[in-house]
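**Student:** Structure incoming, see below.
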Amino acid sequence: MIFTLVLILIGALLLLVIGINVIQQQKERAEAERRTELARQRAIIDETEEVLSHTGMFPCSSQIVLVLYKRVEDALGLAVKNAANQAADYQRRAVDIRAQIEALQSSPKTSPAIEGFRLPDDDKQILTLVQVLKKLKAILRAEHNKGKVDPTVFSEEEGRIDSLQLRINVDSMLSRGRAACFMKQYGSAKQMVTKALSTLHAIKAQTPNDPFIARKVDEAKAMLDEITGAQKQASPVVKQEKDEEDIDVLFQPKKKW
C-alpha cells in the first residue's frame, strides 16, 4: 500500500514538473513573440518616419503624407499592446500622430506640381532621394493591398512617384552624359545620352502629351548632336598626331645591327 502511494506521489510530482515546464515554455514563447512583434512594429515606425523626414526633397502631396501618418499610427497602436513597460511612451507618440492626422484631414488637399522638380546637385542627395521614392512606393502598395488606401488615391500617387523616378533617371543619365562629354569621353557620353533618348521615346509612345518628355527629348537630341560634333572635331586631331608619329618613324636614323 505504501509502495503504491509512493508511486502515485512520484507520478503526481512528474506531472506537476511537466506541467510547470509546459507553462514556462508557453510563457517564453509568448514573450519571444511579443518581442518579435514589437521589433517589427518599431521597424515599420522607423522606416515610415524616415520617409516622412525626406518628403521635403520632392513635390509631395498631402494625401501620401496622410497615408504615412496613418501607417505610423497603426504601428504605434500595435506597439502599445506589445510594449509592456514602454507602452506609455508609445501611447504619447500615438496621441501626437493622431493630432497631426486630424490637422491634415481638416486642411485642404494639396498636390504640388512635379513639373518644377529639379534634381539635386549632390550625388548623395540623389541616392537618398532614389531610395526614399523606392521605399515610398513599396509602402503605398503595401497599404493599398491591406485596403487602407483608396484605389483612386493609390493610382494618382503611384503615378506621381513613377513620374518622379522617370525624371530622376533621365536627368541623371543626361547629367552623366554631359559630364563625360566635358571630360572628352565622347563614347561614354554618346552611349549615356542615347540610352536616355531611347527611354524617353518609349515613354513618349505611352504619354505623348507629357511636356516634360517632349522637352527632354529635344534636350537629349541637341546634346547628342553636340557630342557627335565634338567627336568629329577631335578625330582629325588624333589622326594628324598619328600621321606625324608615322613620319617621324619613317625619317628617323636607321639603326645598324
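The values are calculated or read from the model by the stated rules, or taken from the named source; none is laboratory data. These numbers were taken from a predicted model, which means no experiment stands behind them. Methodologically, a virtual Cβ is constructed for each residue, glycine included, from the backbone with ideal geometry; neighbour enumeration extends over all protein chains shown. What goes into the accessible areas is simple: the full protein's heavy atoms, side chains included, and nothing from ligands, DNA or RNA. Shrake-Rupley method; radii C 1.70, N 1.55, O 1.52, S 1.80 Å.
**Student:** Kindly indicate whether R40 is touching an Asp or Glu at 6+ places or on another chain (Cβ under 7 Å) and assigned to a helix (DSSP H, G or I).
**Tutor:** Spelling it out, it is not the case that R40 is touching an Asp or Glu at 6+ places or on another chain (Cβ under 7 Å) and assigned to a helix (DSSP H, G or I).
For every residue, the table says whether it meets (1) over 12 Å from the mean Cα position of the chain (by Cα); (2) closer than 19 Å to S111 by Cβ; (3) small (G, A, S).
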| residue | (1), (2), (3) |
| --- | --- |
| L129 | no, yes, no |
| I139 | no, yes, no |
| A142 | yes, no, yes |
| K146 | yes, no, no |
| F154 | yes, yes, no |
| R160 | yes, yes, no |
| V170 | yes, no, no |
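**Student:** For segment 102-123, check the following and say yes or no: at least one residue is at pLDDT 90 or above and of a type in the set (A, V, I, L, M).
**Tutor:** The answer is yes, given that some residue of segment 102-123 is at pLDDT 90 or above and of a type in the set (A, V, I, L, M).
**Student:** From (1) closer than 28 Å to G116 by Cβ; (2) in a helix (DSSP H, G or I); (3) not aliphatic (A, V, I, L, M), pick out the condition that doesn't hold for G77.
**Tutor:** (1) is the only condition that G77 fails.
**Student:** If you don't mind, another one. When you scan segment 51-73, do you find a residue that is surrounded by 11 or more Cβ atoms within 10 Å (Cβ to Cβ) and over 21 Å from F154 (Cα atoms), even just one? Break it down into steps so the answer makes sense when it comes.
**Tutor:** Kept after step one, since they are surrounded by 11 or more Cβ atoms within 10 Å (Cβ to Cβ), are these residues of segment 51-73: 51-52, 54-55, 57-73.
From what is left, the residues that are over 21 Å from F154 (Cα atoms) are none.
The answer is no, given that none of the residues of segment 51-73 is surrounded by 11 or more Cβ atoms within 10 Å (Cβ to Cβ) and over 21 Å from F154 (Cα atoms).
**Student:** Which residue is nearest to A179 (Cα to Cα), if the candidates are limited to segment 197-236 and must be hydroxyl-bearing (S, T, Y) and at pLDDT 80 or above? Let's see the steps before the verdict.
**Tutor:** So in segment 197-236, the residues hydroxyl-bearing (S, T, Y) come out as 198-199, 207, 228, 235.
Among the residues that remain, those that are also at pLDDT 80 or above are: 198-199, 228.
On the way: S198: 19, T199: 19, T228: 15 Å.
Here the answer is T228.
**Student:** Could you check segment 152-170 and list, in sequence order, the residues that are over 14 Å from T207 (Cβ atoms) and among the acidic types (D, E)?
**Tutor:** E156, E157, E158
**Student:** Could you figure out which of (1) touching a residue at least 40 places away in the same chain (Cβ under 8 Å); (2) hydrophobic (A, V, I, L, M, F, W, C); (3) open to solvent by 20 Å² or more (accessible area, probe 1.4 Å) isn't true of V95?
**Tutor:** (1) is the only condition that V95 fails.
**Student:** If I filter segment 219-232 for residues that are crowded, with 16+ Cβ neighbours inside 10 Å, more than 30 Å from L68 (Cβ to Cβ) and basic (K, R), do I get at least one hit?
**Tutor:** Checked against the condition, which is being crowded, with 16+ Cβ neighbours inside 10 Å, more than 30 Å from L68 (Cβ to Cβ) and basic (K, R), segment 219-232 yields no hits at all.
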